[in-house]
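Written below as structure tokens is the structure these notes are about.
We did not get these values from a lab; they are worked out from the coordinates using the rules stated. Values in this document were obtained by computation on a predicted structure and should not be read as measured data. We place every Cβ from the backbone using ideal geometry, glycine too, and count neighbours over all the protein chains shown.
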Amino acid sequence: MPQSTNVPRAYVWMARIIRPFLLATTKRTWTGTENFPEGAFLAAANHMTLVDPLVTAHFLYDNHRPPRIMAKASLFKAPVLGWLLRHTDQIPVHRGTSQAGEALVAAEEALSKGEPVLVFPEGTLTHDPDLWPMVAKTGVGRLALASRAPVIPIAQWGATDLLGRYGKMIKPIPRKRVWVTAGPPVDLSDLYDRPADGATLREATQRIMAAITGLLAEIRGEEPPAEPFDMRRKGSGESRSR
């Protein structure tokens, strides 16, 4: 159960519906919760399938850290899901519009109130063919430096067995093993007083993604690629160095 008194009633009711489903369909290996600080923090996780927010939020919620989730704005317009997202105070992200900055303002406000905020820095499902984290948007770096909240990297694996990367049908039987682990805070302290220019934001973002990738490599027992997949190179036929 959550510790915070700010959790909306709709959030608790939604958890009462979703948690039993996840408990029935997954076998969970959760580690690293000792790295959660007191109070607010920014949880940054890798993104492979549409059920990642549920799996990762389950990990946080059951460890008394119910998160405010940053999710693309189009989901807030869906008939049922949209109502749930709005009434549980999740944070819409209006990508590529004049409202894009509103998500960062809302996230900073949540962090200032002591609430954990969950973000998937890649901004979409990874395009890496082997499901490794790809180059992320710099929004997570901007939010981390502006708020100076602890950034807790989170790696999760196994959710694609429940719902494939681009799948539409959940496969609840048999129960799927999922791993979620949290690492120690990413050290960004040397960047706080630098100008928040592109180079600084990229450096902060790369450190966060490197921490996530390192945790995922431990879960998978594999070496990650030397360079992460970069969506910007996709059109030119370059993806990454192998």
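By the helix-only formula, in which each DSSP H run with n ≥ 4 contributes -39500 (n - 2.57) and the sum is divided by residues, the chain has a 222 nm mean residue ellipticity of -10500 deg cm²/dmol.
Distances between placed amide hydrogens fall under 5 Å for G32 paired with A182, all partners being 5 or more residues away or on another chain. Pair-distance distribution P(r) for region 10-226, from all Cα-Cα distances in 10 Å bins starting at 0: 8, 35, 40, 15, 1, 0 percent. Contact order, relative form, for the chain: 26 percent (alpha carbon pairs under 8 Å, 6 or more residues apart, mean separation divided by residue count). Remark on K176: its backbone amide H falls under 5 Å from those of T26, K27, a criterion applied only to residues 5 or more positions apart or on other chains, H modelled at 1.01 Å from N. Amide H to amide H, with H built 1.01 Å from N, L118 comes under 5 Å of A43, R68, I69, M70, counting only residues 5 or more places away or on other chains. Mind running the shape call on region 1-122? Use the C-alpha gyration tensor, a ≥ b ≥ c as the square roots of the eigenvalues: rounded below 1.5 for a/c, prolate if a/b tops b/c, oblate otherwise. Note, shape of region 1-122 comes out rounded.
The chymotrypsin sites (Phe, Trp or Tyr not before Pro) found in region 144-242 that occupy coil by DSSP, while having at most 14 further C-beta atoms within 10 Å, are Y166, Y192.
Across M48, M231, M70, mean-square fluctuation computed from a Gaussian network of the chain (C-alpha pairs under 10 Å connected) peaks at M231. Restricting attention to the chain, lysine pairs at least eight places apart or on different chains and with alpha-carbon atoms under 20 angstrom apart total 7.
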